[in-house]
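Engineer: Mind looking over this structure? Questions follow.
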Amino acid sequence: MKYGNVRNIKKELLSDNWYSLNKISFEYQREDGEWEEQAREAYDRGNGAVILLYNKSKGSVVLTRQFRMPTYLNGNADGMMIEACAGILEKGNAEQTIKMEVEEETGYKIDKVEKVFESYMSPGSVTEILYFFIGQYEDAMRISKGGGSEEETENIEVLEMQFSKALNMMATGEIRDAKTIMLLQWAQINALFE
């Protein structure tokens with residue numbers, strides 16, 4: 001089997017505990033026409049969606065804080081991360097998924113979202129494409145305290161803050177999550193609050 005400059009793809013399942021980790025062996029055709037054998041590991045956790053909730057009149061954004069074990073293992077003292085609301089796609093629909101995640105995690109029920117871009121987040125090892133959205137919120141849209149799904153043991157804290165404070169938190173290293181930084185920078189570049 002050949003796909004462009006890749007052929008003889010073989011998959012070996014290494015782990016299927018949370019998501020799937022596969023070892024992929026294949027032949028890759030170099031620019032000089034020679035074929036070489038390569039092997040990589042690829043983690044398949046599905047695709048996801050993320051959103052920056054913003055209130056233009058208040059100059060504020062809604063973010064979340066939750067414990068992330070991988071960051072704890074890599075030296076993040078308490079493992080807590082400040083992030084934009086996000087989740088794995090349900091039935092492949094990014095827009096429906098992000099509206100559901102917003103309500104579950106933040107307690108806001110929003111009906112309009114706008115897709116602004118999409119990105120592979122770690123293309124060297126993870127198959128995931130992340131769909132990036134923005135969405136306006138108003139105080140009246142808050143129908144619950146949020147906090148995430150109990151079945152998923154999320155324990156999410158909802159944070160409403162000034163957009164300027166969120167930008168400063170990137171500079172100080174308080175916000176170190178890539179998807180959140182990308183959305184905050186997109187908002188700044190595109191003058192979302194002007």
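The values are calculated or read from the model by the stated rules, or taken from the named source; none is laboratory data. Since we're looking at a predicted model, the values are computed, not measured. Neighbour counts run over all protein chains shown; Cβ positions are idealised from the backbone, glycine included.
Engineer: Run down 8, 74 and say which single residue is in contact with a strand residue (DSSP E or B) (Cβ under 6 Å, 6 or more places away or on another chain), farther than 30 Å from residue 103 by Cβ and either free of Cβ contacts under 8 Å to residues at least 40 places away in the same chain or not assigned by TED's automatic domain parsing to the domain that holds residue 180 (or both).
Structural biologist: Numbers: 74 fails: in contact with a strand residue (DSSP E or B) (Cβ under 6 Å, 6 or more places away or on another chain).
From the options 8, 74, the qualifying one is 8.
Engineer: From the list 23, 58, pick out the single residue that is assigned to a loop (DSSP other than H, G, I, E, B), modelled with pLDDT of 95 or more and either over 30 Å from residue 191 (Cβ atoms) or in the same structural domain as residue 160 (by TED's automatic domain parsing) (or both). Please lay out each step first, then the result.
Structural biologist: Details: 23 fails: assigned to a loop (DSSP other than H, G, I, E, B).
Criteria check complete, one pass: 58.
Engineer: Residue 119 is checked against (1) small (Gly, Ala, Ser); (2) in a strand (DSSP E or B); (3) not assigned by TED's automatic domain parsing to the domain that holds residue 184 and fails just one. What number does that condition carry?
Structural biologist: Of the numbered conditions (1) small (Gly, Ala, Ser); (2) in a strand (DSSP E or B); (3) not assigned by TED's automatic domain parsing to the domain that holds residue 184, the odd one out for residue 119 is (3).
Engineer: Output the qualifying pairs, or none if there are none: Cβ atoms under 6 angstrom, residues six or more apart or on different chains, first residue in segment 154-165 and of a type outside the set (A, V, I, L, M, F, W, C), second residue in a loop (DSSP other than H, G, I, E, B) and modelled with pLDDT of 95 or more.
Structural biologist: Pairs that qualify, where the first residue is of a type outside the set (A, V, I, L, M, F, W, C) and the partner is in a loop (DSSP other than H, G, I, E, B) and modelled with pLDDT of 95 or more, are 162/59.
Engineer: Using the structure shown, decide if residue 33 is modelled with pLDDT under 95, at positive phi and surrounded by fewer than 16 Cβ atoms within 10 Å (Cβ to Cβ). Outline the logic, then answer.
Structural biologist: Details: modelled with pLDDT under 95: yes; at positive phi: yes; surrounded by fewer than 16 Cβ atoms within 10 Å (Cβ to Cβ): yes.
Criteria met by residue 33.
Engineer: I'd like the residue in segment 66-99 that is assigned to a loop (DSSP other than H, G, I, E, B) and of a type in the set (Gly, Ala, Ser) and, out of all such residues, is surrounded by the most Cβ atoms within 10 Å (Cβ to Cβ).
Structural biologist: Narrowing segment 66-99 to residues assigned to a loop (DSSP other than H, G, I, E, B): 68, 74-79, 84, 89-93.
With of a type in the set (Gly, Ala, Ser) added as a condition, the list becomes 75, 77, 79, 84, 92.
Values: 75: 7, 77: 7, 79: 15, 84: 25, 92: 9.
Here the residue is 84.
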